[in-house]
Every structure is written in structure tokens, then in C-alpha cells.
Amino acid sequence: MPDVRTTIWRLARARLTNKDAPGLSPWDTFKLGAMQDNPGFCCEALRAMVACGQSLREICEKSPYKCKDIPGHYVATLMAGNYWGTPGSYRHVDVGAIADRFAKMQSLKR
């Protein structure tokens, strides 16, 4: 079993550093990190999403089914407070700012 786990983590990491590498998508890598309670890995996955050109809108528009295996506090950290108020309107927070939330979550775990 450790070999399977090692292979899965390698596939997850491969796409975080090279968007053309075979392996898990950044979203699937985020889910894996959340299910393993690893906010630092979630932070890396979100930064990979930025590198792949994914926007917050694409993340928010995922069907609820795509979030079903993610622990609630990870979904809440991902989705809460994703708009900045500007005079007369709101704008989306960028994915990098959301990644920073997971970096802070990781530092609290230490």
C-alpha cells in the first residue's frame, strides 16, 4: 500500500510544477490535499490553478458533487469571503489570495 500512496502523491505533485505533466489535475490535487488534511498541499494546488489560468469563477462554478469528498472547513476556507467591495460593486478575490488562506491554515497546524 505505501507504493500506491507514493505513486498517487507523485502524480499529484507532477502537475503542480508542470501543467503539461501527466498526473492529477490541480483541482483533484486540491481535493486529495483536503482529504488528507494538508492545507499546505491545498495552497500549492491553488497556486498551480493560477499557473494553469483557472479563475475563482471556474472553481465556484464546480458542481456541488465535485466538493462532496472535501471536508467542510476546507470548502468554507475556499468559498468564504471571495469578493472585495469596490465603490459601487464587488469583484472576485484572486485565487492567489485564497491560496494564502491555506498557507495560514498550514502555519496554524504547526
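A short reminder: the numbers here are calculations on the coordinates, not readings from a lab. As the structure is a prediction and not an experimental result, all values here were calculated from the model. Cβ atoms come from the backbone with ideal geometry, glycine included; neighbour counts cover every protein chain shown.
Of all lysines in the structure, those lying under 19 Å Cα to Cα from Lys104, and not within fewer than 8 positions of it along the same chain, are Lys31. Listed values for the range 36-52 are Karplus-derived 3J(HN,Hα) couplings in whole Hz (6.51 cos²θ - 1.76 cosθ + 1.60, θ = phi - 60°), namely 8, 6, 10, x, x, 5, 5, 4, 4, 5, 5, 5, 5, 4, 4, 4, 7, and x replaces Gly and Pro.
Taking Cα atoms, how many degrees apart are the long axis of helix 95-109 and the longest axis of the chain, rounded to 10 and kept between 0 and 90? Helix 95-109 sits roughly 60 degrees off the main axis of the chain.
Note on the chain: GNM, Cα springs under 10 Å; of Pro71, Pro39, Pro26, the largest mean-square fluctuation is that of Pro71. Classify the range 2-109 as rounded, prolate or oblate from the Cα gyration tensor: take a ≥ b ≥ c as the square roots of its eigenvalues, call it rounded if a/c is under 1.5, otherwise prolate when a/b beats b/c and oblate if not. Verdict is prolate for the range 2-109. Mind checking the angle between helix 2-17 and the chain's longest principal axis? C-alpha axes, 0 to 90 degrees, to the nearest 10. So the inclination is approximately 40 degrees. Pick out, in residue order, every one of the GluC sites (Glu not before Pro) in the range 6-110 that is DSSP loop and has at most 16 other C-beta atoms within 10 Å; say none if there are none. Of the GluC sites (Glu not before Pro), the ones in loops of the range 6-110 whose Cβ has at most 16 other Cβ atoms within 10 Å are Glu61. For the range 33-72, the alpha carbon positions stretch 25, 23, 11 Å along the principal axes, listed from largest to smallest. In sequence order, the range 61-67 has phi-based couplings of 8, 5, 5, x, 4, 5, 9 Hz under the Karplus curve 6.51 cos²θ - 1.76 cosθ + 1.60, θ = phi - 60°, and Gly or Pro positions carry x.
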